[in-house]
Amino acid sequence: EALEHARATVAVVEAGSGGALSAMLTSVPSKDPTHPLLDGRVLPLDLALSQEQAVERAQDLARRAREETGATIGIAIVVFGGFDERQVLHDMAAVAVESDLDGTETTFVGLRATIDDVQRRSALHAADRLRLILKESVTV
């Protein structure tokens, strides 16, 4: 509803989050017959990325998603790090959000969890970043 109110459209690319953010966005009913989620792409987890590489990849994916779809907001989640012997991921997710209002903002969510929890928590973090941008766009 906030997306519709702000007249915003979103393109999402997720690497390692399993499509959790796209699932969240599409699970909300829309009054508008054209859903504000223009595109949702899911890429495999790449544990070989360093933090710097994950940031660059997230920023590039958010920018490209926005440019290729014409969305007003591009979001990319890139999970990186490594698993221990119990299959617990130790590291972070880089979340890049690109919009007309704020340019590109990259944030991190620290993670030490199973892959299912990593997917959920990284998507929730991205959704929170989107909520804050939409809140700012309505107050401007």
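The values are calculated or read from the model by the stated rules, or taken from the named source; none is laboratory data. Quantities reported herein were computed from a predicted structural model and do not represent experimental measurements. Backbone-built Cβ (ideal geometry, glycine too); neighbour counts: all protein chains shown. Side chains are part of the model used for accessible areas, which takes the heavy atoms of the whole protein and leaves out ligands, DNA and RNA. Shrake-Rupley method; radii C 1.70, N 1.55, O 1.52, S 1.80 Å.
Observations on the model:
- Scanning the stretch 90-140 for residues that are open to solvent by 50 Å² or more (accessible area, probe 1.4 Å) and among the hydroxyl-bearing types (S, T, Y) yields T104, T114, T139.
- Members of the stretch 38-67 that are in a helix (DSSP H, G or I) and open to solvent by 60 Å² or more (accessible area, probe 1.4 Å): Q51, E52, Q53, E56, R57, Q59, R63, R64, E67
- Some residue of the stretch 102-110 being under 14 Å from L45 (Cα atoms), modelled with pLDDT of 85 or more, touching a strand residue (DSSP E or B) at 6+ places or on another chain (Cβ under 9 Å) and not in a helix (DSSP H, G or I): no
- Residue in the stretch 22-37 that is at pLDDT below 90, closer than 22 Å to T114 by Cα and assigned to a loop (DSSP other than H, G, I, E, B) present: no
- Residue in the stretch 70-80 that is part of a loop (DSSP other than H, G, I, E, B) and buried (at least 18 other Cβ atoms within 10 Å of the Cβ) present: yes
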